[in-house]
1. Residue 296 to residue 40: FRET efficiency via 1/(1 + (r/R0)^6), r the Cβ-Cβ distance, R0 41 Å, to the nearest 0.05?
2. Between residue 257 and residue 72, 0.36 nm times their residue separation minus their Cα-Cα distance comes to what?
3. Could you work out the relative contact order of the chain, using alpha carbon pairs under 8 angstrom and six or more residues apart, expressed as a whole percent?
4. Convex hull volume of the Cα atoms in the chain, per residue, in Å³?
5. If a/c stays under 1.5 just call it rounded; otherwise compare a/b with b/c (prolate if a/b is bigger, oblate if not). Do that for segment 1-116, with a ≥ b ≥ c from the square roots of the Cα gyration tensor eigenvalues.
6. Residue by residue, what Karplus-based ³J(HN,Hα) values in Hz, rounded to whole numbers, does segment 138-148 have, using 6.51, -1.76 and 1.60 with θ = phi - 60° and x for Gly and Pro?
7. Show that you can apply the helix-only estimate: for the chain, add -39,500 (n - 2.57) for every DSSP H stretch of four or more residues, divide by all residues, and state [θ] at 222 nm to the nearest 500.
8. Could you tell me which of the pairs 196/257; 120/291; 11/113; 224/255; 81/120 are separated by over 18 angstrom between their Cα atoms in the structure shown?
Amino acid sequence: MLYERLDEMIKLIVDSACDINSEITDNYDIEVIPLNITIDGVSYLDGIDIDIDTVYKHMKNGKVPKTSQVSFESVSKAIDKCISNNDDFIYLAFSSKLSCTYDFAKKIIDEYKKKYTERKMAIIDSKGGAGGNGLIALQALKMIKRNLPFETIVNQIQFMIDHIVYYFTITDLEWLSKGGRINKTIGHVGNVLNIKPYLTVKDGKMVVTKMIHGSKKTIQTLIKDVKIGTEKFSNQIIAISHADDLNAALNVEQKIKEAVVGCKTTIFEISAVLGSHLGIGGVAVFFLNEKPEFYEW
């Protein structure tokens, strides 16, 4: 069913902590606000001035990139574009527990709301990022294309945020120690013993749920958890994100299709901002544990 709309259109805005791929960019109109990456004192706009391959090249040479929130200029540019096109907009922002981006952008948007009272503007804390945001963005774009009302789309996004599940593993513990995210001794010993961290996202934060010995057992755990988590809603799109390891993503994709009958899959390459934190290697899976009211393949 299509809903009639008058002059206004809805634009979806995300930031570069959201994974997107050609399936999204080739079929939908989406605005991406870049976060910032600093290497050797030089600041770059993620996805504009620097891409993930270049970031990985620096990392392989021992550089440790630093990241920071979106800028006032980048947020204002995206909003001004919507205003000039007479568009309402919804901004699905990176988790407020992992970045200051949401809080910073919300203050800017609140000021725009005072000036442009006729426009509908919403910013939503995704409580996540990467392929989780990519999945939510894909469904939001499908709802926009179907001309669903603004409030309906916002409510459906909130529902998906509450029901999206993250599971991921990281290949190189020493990289996390270089960035100061775990103890250096743990990072070194973990790599020597082939220990893999198994993580999820809870209340907007990354949480290590267990440490598993060996890549094979880690993937087996991942597939088992995906199968259990999708029992109530198997006919859905499951996202896989990878950090410079497409073969690992393809392997996980095949195993998911065997384990979850009736699902579809989509693959993302993790963004440069998140790749800077997580290091090279590793794979993540994202899915919904309950079906939204509006859902489209």
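Since every read-out is calculated from the coordinates, none of them should be taken as a lab result. Being a predicted model, the structure only gives us computed values, none of them experimental. As a convention, Cβ positions derive from the backbone with ideal geometry for all residues, glycine included, and neighbour counts pool all protein chains shown.
1. The computed FRET efficiency comes out at 0.40.
2. 62.4 nm
3. So the answer I get is 22 percent.
4. Once divided by residue count, the hull of the chain is 124 Å³.
5. prolate
6. Running phi through 6.51 cos²θ - 1.76 cosθ + 1.60 with θ = phi - 60° gives 4, 5, 4, 5, 5, 5, 4, 5, 7, 6, 5 Hz.
7. Helix-only estimate at 222 nm: -12500 deg cm²/dmol.
8. Values: 196/257 24 Å; 120/291 27 Å; 11/113 16 Å; 224/255 10 Å; 81/120 14 Å.
As for pairs spanning more than 18 Å Cα to Cα, those are 196/257; 120/291.
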